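Report on the structure given below.
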Amino acid sequence: MIGAPTGVVFPMAMTNQATMQVKLIDYARAPLEKLYAAFRTCYSADTPIEIWEKIEAEKIGRDKIREFIGERLKTGHASPLEQVVFWFAISGVSRSLSHQFVRHRIGISFEQQSQRYVRFKHDRLAYVMPESWERAKLEDEFAELLARTSDLYTRALAAGIPAEDARFILPNAAPTNFHVMVNFAEMLHICDLRLCVRAQWEIRRMVALMRAEIKRALPEIAVFLQPKCGENRMGYCDESLQDWQKCPLGRVRPHKSVLFELYERYGSRKAQALGEEDFRAVEEKEGL
Ligand SMILES: Cc1cc2nc3c(=O)[nH]c(=O)nc-3n(C[C@H](O)[C@H](O)[C@H](O)COP(=O)(O)OP(=O)(O)OC[C@H]3O[C@@H](n4cnc5c(N)ncnc54)[C@H](O)[C@@H]3O)c2cc1C
């Protein structure tokens, strides 16, 4: 295992507010070489052992490895990306975020702080407060409600209510922690969805910090971690036209409707709905 860089902390202003921290704890050794060997195994007469011998003898330079991987990543051949794995330590995120995060099911493994086993013993529960509450000048009411919740939670525990039942009054603002293992294929997918401005701000911020951590350690890999409209991903926005018009990335990335317009204006063909004859054409094409 290779040592990881220092974590990124997103500071919050008020005392009881939780601080988001994201740290790349580790990653599978030699990720670029692993990607290269995994892809090469598919396309080479060499055995994987021979491929690794060439890598280790430095018969294949780092530039060649980078270039080869870059070309493969432009294709739909994605399974080799599952062979590169990252571990993250994440803390101070809200239960609102965690509900969203754990919806990712494939290529990611979570351990999350339990509200059954952990009794919050501080005077006041920590919480995550969105900046919109401050902008609306409702932060005092927010803090006051949380303070009352905290008092009742503490009294509930003192009255013998088990933590797993006392937690029923805890809000979505309650902070939580994760230890996460995620592979590169899933990290790309998470960035596709969660770096998009359609994603909720807190999970977007967390995934941006995950990307920043990978970038610090492995810039060659991080270059592919983009929202789905990025030039190294799908390349265009497939959200609604109204959302694209509001998005700051709309200045630099096209909407799918624009691409169709260009296809029809400058291509020699008009985009049409697929008919049965198109499916027959697909069936009859052999050796694809
Ligand atoms: C902007 C936004 C708004 C959202 N709003 C809501 C909402 O209102 N309500 C709600 O419930 N959820 C919502 N979600 C969550 C969303 O529905 C998904 O649960 C979440 O994005 C993770 O799902 P995934 O399929 O990408 O999972 P992942 O596990 O990250 O998927 C990884 C890949 O595997 C594929 N995959 C995963 N499981 C299967 C399977 N069983 N069969 C075939 N392919 C599979 C996925 O399609 C994907 O390509 C929202 C997500 C976003 C980004």
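Hey, does the range 142-154 have a residue that's charged (D, E, K, R) and either assigned to a loop (DSSP other than H, G, I, E, B) or at pLDDT 95 or above (or both)? Give the steps one after another, and end with the answer.
Going through the range 142-154, the residues charged (D, E, K, R) turn out to be 144, 148, 151.
Subsequent filtering for residues that are either assigned to a loop (DSSP other than H, G, I, E, B) or at pLDDT 95 or above (or both) retains none.
Checked the range 142-154: no residue is charged (D, E, K, R) and either assigned to a loop (DSSP other than H, G, I, E, B) or at pLDDT 95 or above (or both).
Taking the range 1-42, which residues are at pLDDT 90 or above and either in a strand (DSSP E or B) or among the aromatic types (Phe, Trp, Tyr) (or both)?
Filtering the range 1-42 down to residues at pLDDT 90 or above leaves 18-42.
Across the range 1-42, the qualifying residues are Met20, Gln21, Val22, Lys23, Leu24, Ile25, Asp26, Tyr27, Tyr36, Phe39.
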- Task: Mind listing just one residue for me: the one in the range 159-191 that is assigned to a helix (DSSP H, G or I) and without any contact (Cβ under 8 Å) to a residue 12 or more places away in the chain and, of those, farthest from the ligand (Cβ to nearest atom)?
- Result: Asp165
- Quick one: in the range 86-143, which of the residues that are on the phi > 0 side of the Ramachandran plot and crowded, with 18+ Cβ neighbours inside 10 Å is nearest to the ligand (Cβ to nearest atom)? Gly107
- Task: Answer yes or no as to whether Gly70 is touching a residue at least 12 places away in the same chain (Cβ under 8 Å) and either among the basic types (Lys, Arg) or under 24 Å from Glu213 (Cα atoms) (or both).
- Result: no
- Query: Which residue pairs have Cβ atoms closer than 8 Å, lie 6 or more positions apart in sequence or on different chains, and pair a first residue in the range 98-120 that is under 15 Å from Asn177 (Cβ atoms) with a second residue that is in a loop (DSSP other than H, G, I, E, B) and within 13 Å of the ligand (Cβ to nearest atom)?
  - Reply: Phe110/Val102; Gln112/Val102
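Taking the conditions exactly as written (away from the ligand (no atom under 16 Å from the Cβ), touching a helix residue (DSSP H, G or I) at 6+ places or on another chain (Cβ under 6 Å) and closer than 30 Å to Leu241 by Cα), does Ala222 satisfy them or not? Quick ask: steps written out before the conclusion?
Values: away from the ligand (no atom under 16 Å from the Cβ): yes; touching a helix residue (DSSP H, G or I) at 6+ places or on another chain (Cβ under 6 Å): yes; closer than 30 Å to Leu241 by Cα: yes.
Yes.
This table checks each residue for (1) surrounded by fewer than 16 Cβ atoms within 10 Å (Cβ to Cβ); (2) within 16 Å of the ligand (Cβ to nearest atom).
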position	(1), (2)
Arg204	no, yes
Gln226	no, yes
Ser240	yes, yes
Trp244	no, yes
Leu249	yes, yes
Tyr266	yes, no
- What number of residues within the range 192-202 are out of contact with any strand residue (DSSP E or B) (no Cβ under 7 Å at 6 or more places or on another chain), more than 10 Å from the ligand (Cβ to nearest atom) and charged (D, E, K, R)? 0
- Message: The conditions are (1) in a helix (DSSP H, G or I); (2) within 13 Å of the ligand (Cβ to nearest atom); (3) surrounded by fewer than 21 Cβ atoms within 10 Å (Cβ to Cβ), and Ala212 fails exactly one of them. Which is it?
- Response: (2)
- Query: Could you list, in sequence order, the residues of the range 232-272 that are part of a loop (DSSP other than H, G, I, E, B) and modelled with pLDDT of 90 or more?
  - Reply: Asn232, Arg233, Met234, Gly235, Tyr236, Asp238, Glu239, Ser240, Cys247, Val252, Arg253, Pro254
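The values are calculated or read from the model by the stated rules, or taken from the named source; none is laboratory data. This is a predicted model, so every value here is computed, not measured. All Cβ positions, even for glycine, are placed from backbone atoms using ideal geometry, and neighbour counts span all protein chains on display.
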